[in-house]
Amino acid sequence: MLISLIGTPWMPTIDKGILVLEDVNEHPFRVERMLLQLEYAGILNRQSAIVLGSFSGAAPQRV
């Protein structure tokens, strides 16, 4: 949900905070894309700490 707020007036100012990120039922490539969006928006660099929680529930990809 945080990603969808980037560039809007509702994006909170989260400078020098502790950013906790977690998600369920997301494929790893989508999580990577969201992390890159946070990086490109400059949000990750402005944090004091980043905590990665649980990333579970993604269905395995068929090869």
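Cβ under 15 Å from ILE3's Cβ, ILE3 left aside: what net charge do those residues give with Lys, Arg +1 and Asp, Glu -1?
Net charge in that neighbourhood comes out at -3.
For the chain, take the longest principal axis of its alpha carbons; what is the angle in degrees between that and the long axis of helix 28-40, to the nearest 10 within 0 to 90?
10
Sort 31-43, 7-19 by the packing proxy (mean of other Cβ within 10 Å over each peptide's residues), most packed first.
In descending order of packing, they fall as 31-43, 7-19.
Relative contact order for the chain: what percent, with Cα pairs under 8 Å and sequence separation of 6 or more?
47
Where a number appears in this text, it was derived from the coordinates with a stated rule and is not lab data. Here the structure is a predicted model, which is why all the values come from computation and not from measurement. Positions of Cβ are generated from backbone atoms using ideal geometry, with glycine treated the same way; all protein chains shown enter the neighbour counts.
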